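Undergrad: Provided herewith is a single structure, encoded as C-alpha cells, for subsequent inquiry.
Coordinate-derived values only; no laboratory data. Computed from a predicted structure; not experimentally measured. Don't worry about glycine lacking a Cβ; one is built from the backbone with ideal geometry, like all the others, and counts go over all protein chains shown.
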Amino acid sequence: HITENEMEKLASAHVKVVHNPESNMKLASGIAPVPKMMKRGIVVGLGTDGCASNNNLDMLAEMDTAAKLHKLHYMDPTVMDAHSVLEMATIGGAKVLGMDDLIGSIEPGKKADFIAIDIDQPHLIPLYNPYSQVIYAASGRDVIHVVIDGRMVMKDRKLCTLDLSHVISLAKDEAERVRGWVEAAKKK
C-alpha cells in the first residue's frame, strides 16, 4: 500500500526494505511493489518474518514464493527472475542489515556462510539452470550442509552444534508453560 511518491521518497532517502511475501500473503497485507522499488534503486532483502505469520521459515520456499507472486501480480513471467531473487535473499539481505562487507556473498575477507543442496533428487533433475532450480524447485529439506562463519553447523542433515531432541523437549515444555498462562488468563 505504498504510493509512487512514497517510493521516490524511500529511494532518495536510501531506505532499505525487507520483503516477506509468505507472511504478507498469510496476513492478507497486500503485495509489496518490489520490482518497482528495485527499479528505483531501493535495496530490497528477502525475509521470512516470524513463525507467527509464516510458520515454516523456509528461505528457499520464500524465494520461490517471491518470484512467482510478482510474476502473477504483474502478469509478466520475466519479472523477478531467479538470479534477482537469489540476490535479494543473499546480498540484498546483507545490505539491508548494513553488513554487506561481512556477509551476503562468498568473497575473500567475508564470513563463510553458505549451504549445500543435494541436487541428486528427482525434483531437481535435470539441472539446466542452477539459479532456476534453487529458486523454483529446492526447499529446506534439500539442504544437506550448513556453514556459518566458516563453522559447520549441519553436516549430512545432522545438527553439529545442538542436541535437537533436547531443543524440541525445551520447546514443548515452554509451549505447555505458555498454554498454562493462557488458560489461567481465560479463567480470570
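Undergrad: Under a Cβ-Cβ cut-off of 13 Å, what is the net charge of the residues other than V79 that fall near it, where Lys and Arg count +1 and Asp and Glu count -1?
TA: +2
Undergrad: List the trypsin sites (Lys or Arg not before Pro) in region 95-154 that DSSP assigns to loop (not H, G, I, E or B) and whose Cβ has at most 13 other Cβ atoms within 10 Å. Which are they?
TA: Loop-located and lightly packed - none at all.
Undergrad: Lysine pairs, Cα distance under 24 Å, 8 or more residues apart or cross-chain: how many in region 1-130?
TA: So the count of such lysine pairs works out to 23.
Undergrad: Sort D142, D120 so that the residue with the fewest other Cβ atoms within 10 Å of its own Cβ comes first and the one with the most comes last.
TA: Ranked by crowding around the Cβ, least crowded first: D120, D142.
Undergrad: Report the charge-dipole magnitude of the chain in Debye, nearest 20, computed about the Cα centre from +1 at each Lys and Arg Cβ and -1 at each Asp and Glu Cβ.
TA: 580 debye
Undergrad: Of A32, A67, N54, which is farthest towards the positive pole of region 11-86's charge dipole, taken about the Cα centre with +1 and -1 on the beta-carbons of Lys, Arg and Asp, Glu respectively?
TA: Comparing the listed Cα positions along the dipole, A32 ranks first.
Undergrad: May I pose another question? Among K158, K9, which comes first, second and so on when ranked by fewest other beta-carbon atoms within 10 Å?
TA: With the sparsest Cβ surroundings first, the list reads K158, K9.
Undergrad: Next question, about the same structure. Can you sort I135, I2, I125 so the residue with the fewest Cβ neighbours within 10 Å comes first?
TA: I125, I2, I135
Undergrad: Work through the residues other than G109 whose Cβ is under 15 Å from its Cβ and net out their charges, Lys, Arg +1 and Asp, Glu -1.
TA: Charge balance near G109 sits at -3.
Undergrad: What value, in deg cm²/dmol to 500, does the helix sum -39500 (n - 2.57) over DSSP H runs of n ≥ 4 give at 222 nm once divided by the residues of the chain?
TA: So the calculated ellipticity at 222 nm is -12500 deg cm²/dmol.
Undergrad: Normalised by the empirical 2.2 N^0.38 Å for globular proteins, what value does the Cα Rg of region 1-136 take?
TA: 1.08
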